[in-house]
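Enquirer: One structure is given below, represented as structure tokens, and several questions about it will come after.
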Amino acid sequence: MTTSTGTGTAPAAEGSQLRSDWTEAEARALYDLPFPELLFRAQSVHRRHFDPTTVETATLLSIKTGGCAEDCGYCSQSAHHETGLKATKLMGVEEVLSQAQAAKDGGATRFCMGAAWRSPKDRDLDAVCAMISGVKAMGLEACVTLGMLTPDQVTRLGAAGLDYYNHNIDTSPAFYPEIVTTRTMDDRLDTLASVRAGGIRLCTGGIVGMGETVDDRIAMLLVLATLDPHPESVPLNMWNAIEGTPVMGKADKPDPIAFVRLIALARLLMPQSIVRLSAGRDAMSDEMQALCFLAGANSIFTGDVLLTTGNPERDKDAALFARLGIRAAAPAGSEMRSAAE
Ligand code: SAM
Ligand code: DTB
Ligand code: SF4
């Protein structure tokens, strides 16, 4: 069904059924809607599934930084680029748990641990599993991002109580080889399938602002929105520029309105997924972030560092939430879904 007034061939907003058969033409027509229409639709869908005044706050910690074997053209942590980043070894379990406690005290509901690995070594997984169990024992949701996994490693992470595995597809299938050559998007999709088969929820999204076209951004969302079921969590990052990386100098910052359109499209294509406004908030105005929340974003990273780059100070985010009347908590919809699973 299509609408007739000023909305061209965009599919109608009615109907709360989840779809995994979105076409490129449908996604493009939604993206191109007049901005007020797009935001109205995205906000309507958002309200059907979530409380629009609640935004999840997750905190990130880099548990193993730099020296990574992959050549991701955007990343400060690849050993292939001269970014000036100091590599470190895997942090100890106690140190990680004290940082998780600090994140909890700061109001975070989810604690995400990231490691600069192509894939984890089995011996490193013992320590990571202890970190996961410790984070869960504090009453926080646990998420890790460790690179590609074997099914056996997925089983071990699941047994430790892992809630989410973050593994981004980063960009469109067509643009992927321009950004990474040491793995393929199919490698990424294989790990996502193993994680899902192991009963762990998926956190997967990508980056905007690496020189890709609008069509690439939409194609990236289509890869996610045609997974059945949709990923439970979808982080959208605006590229945090890193000197010394191949992407540096090749890309302009995306137009803020174009970024908001993409958030709205993610909300429309994946109505029940948590959409996280991830990296890049340091460079966003309060007004742009407010538009992103209006478009359906309902999660952010809090704390002044992401993995290796900056993020707004906690106080600044608290002030923004107060101005907007937004409450930091796990989105109610996600709780409902977790209980139903
Ligand atoms: N090595 C693991 C992997 O690649 O899955 C985990 C860590 S990696 C840093 C996690 C994600 O961070 C990447 O997939 C990418 O989407 C995002 N990322 C990395 N550098 C970024 C940057 N400079 N700006 C925005 N997002 C970035
Ligand atoms: C995601 O999509 N964004 C986070 C998390 N998943 C692991 C990482 C952002 C990293 C930004 C660059 C940095 O701090 O190194
Ligand atoms: Fe390594 Fe992940 Fe950075 Fe790629 S994005 S270089 S896999 S840490």
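Enquirer: Quick one: which of Lys64, Lys121 is free of Cβ contacts under 8 Å to residues at least 40 places away in the same chain, open to solvent by 20 Å² or more (accessible area, probe 1.4 Å) and either among the hydroxyl-bearing types (Ser, Thr, Tyr) or within 16 Å of ligand 3 (Cβ to nearest atom) (or both)?
Expert: Selected residue: Lys121, the only one of Lys64, Lys121 that is free of Cβ contacts under 8 Å to residues at least 40 places away in the same chain, open to solvent by 20 Å² or more (accessible area, probe 1.4 Å) and either among the hydroxyl-bearing types (Ser, Thr, Tyr) or within 16 Å of ligand 3 (Cβ to nearest atom) (or both).
Enquirer: Might you check whether a residue that is assigned to a loop (DSSP other than H, G, I, E, B), of a type in the set (Asp, Glu) and open to solvent by less than 10 Å² (accessible area, probe 1.4 Å) occurs anywhere in segment 16-29?
Expert: No, the conditions are met nowhere in segment 16-29.
Enquirer: Answer with yes or no whether Cys72 is of a type outside the set (S, T, N, Q), in contact with a Cys (Cβ under 7 Å, 6 or more places away or on another chain) and open to solvent by less than 20 Å² (accessible area, probe 1.4 Å).
Expert: no
Enquirer: For the structure I just gave you, tell me whether Gly66 is touching a Pro at 6+ places or on another chain (Cβ under 6 Å) and within 16 Å of ligand 1 (Cβ to nearest atom).
Expert: No.
Here is a yes/no grid of residues against (1) more than 23 Å from Asp216 (Cα to Cα); (2) open to solvent by less than 30 Å² (accessible area, probe 1.4 Å); (3) in contact with an Asp or Glu (Cβ under 9 Å, 6 or more places away or on another chain):
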site: His230; (1), (2), (3): no, yes, no
site: Ala251; (1), (2), (3): no, yes, yes
site: Ser278; (1), (2), (3): no, yes, no
site: Ser299; (1), (2), (3): yes, yes, yes
site: Thr302; (1), (2), (3): yes, yes, yes
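Enquirer: Which count do you get for residues in segment 80-103 that are open to solvent by less than 70 Å² (accessible area, probe 1.4 Å), out of contact with any helix residue (DSSP H, G or I) (no Cβ under 7 Å at 6 or more places or on another chain) and outside any helix (DSSP H, G or I)?
Expert: Total satisfying the criteria: 7.
The values are calculated or read from the model by the stated rules, or taken from the named source; none is laboratory data. Quantities reported herein were computed from a predicted structural model and do not represent experimental measurements. So basically every Cβ, Gly included, is an ideal-geometry build from the backbone, and we count neighbours across all protein chains shown. What goes into the accessible areas is simple: the full protein's heavy atoms, side chains included, and nothing from ligands, DNA or RNA. Shrake-Rupley method; radii C 1.70, N 1.55, O 1.52, S 1.80 Å.
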